[in-house]
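Chemist: What follows is a single structure, and I will ask about it in a moment.
The values are calculated or read from the model by the stated rules, or taken from the named source; none is laboratory data. Nothing here was measured: the structure is a model prediction, and the numbers come from that model. Reconstructed Cβ throughout: ideal geometry from the backbone, glycine too, with neighbour counts over all protein chains shown. Side chains are part of the model used for accessible areas, which takes the heavy atoms of the whole protein and leaves out ligands, DNA and RNA. Shrake-Rupley method; radii C 1.70, N 1.55, O 1.52, S 1.80 Å.
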Amino acid sequence: MPALPSLLCAVRVGHRRIVAAAGANGAPLRGRLGSPYRLAAAARSGYTWSVILIQRVRVRWTAAARGAPAANARRGLVRAMPPPRSLPDAEVVVHDVLADQEAGYEHRDGVRAGGVALAREVGLWLGHDRASVVVDRLPGSAAYPRASTSARLFTLAPGQVGRYRANFRFTGCACNPSWYYEEWLVHVCHGTGVPFGYGEPDRDVDHRVRLYGGAIARLRDRPGDSPRVRRSE
């Protein structure tokens, strides 16, 4: 997996925001196209990178809430949430939402803003290919399913939305080794003005599995659910 550039430089050309990568000494880096580029070259080639909005919605429950009645109590909690009306001005904005069983499944959220490295806090890696954003899933700490390597999720052109769904089983710390579970719904928006949560996204990846033992098996849609696409490029 390529390392993140040590510096991201941004300049406005007309109404567009141009982002180019440079080393710590200002020297151009070789991009995915195999040729070096500077800010001026990036502007001429149309290398643009709009603000990236990432929303991760998680629902967390304990092993005691594995039965059907408890599952009914949290049904519908993993859904797209309205982002805050006022978002920070940054390269990447992360809206993280958690509905925890221990807090009565109340949705509690927070917003963080920063550079592309911020995506690692929600298990993602961001790169670029010309004007598009490349989104990878990073290895995590889940006990099941265990992902030991990164994996490509999707590539988003400006104005597009990607959706990533997954679920996990985790172990607690040494002082509390009990299991707990999480289901994730992640939307990545190439541009903060892009609507999400309505209709089908431009890219859809579904990595959800059966969590309660046995070999890894992909979940099947219930009648009336929209078809799932494990990976769409």
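Chemist: Loop only by DSSP, 12 or fewer other Cβ within 10 Å of the Cβ. Give me the trypsin sites (Lys or Arg not before Pro) in the stretch 106-211 that pass, ordered by residue number.
Modeler: Filter output for the stretch 106-211: 146.
Chemist: Ignoring any ligand, DNA or RNA, what whole percent of the accessible area of the stretch 58-98 comes from carbon and sulfur when the probe is 1.4 angstrom?
Modeler: Carbon and sulfur atoms account for 54 percent of the accessible area of the stretch 58-98.
Chemist: Could you state the accessible area per residue of the stretch 79-137 in Å², with a 1.4 Å probe and every protein chain left in place?
Modeler: 48
Chemist: Further, regarding this structure: Among 131, 103, 145, whose Cα projects farthest towards the positive end of the dipole of the stretch 80-146, with charges put on the beta-carbon of Lys, Arg (+1) and Asp, Glu (-1)?
Modeler: Looking along the dipole axis, the top candidate is 131.
Chemist: May I ask you to list the GluC sites (Glu not before Pro) in the stretch 54-130 that are in a DSSP loop and have at most 15 other Cβ atoms within 10 Å of their Cβ?
Modeler: 106
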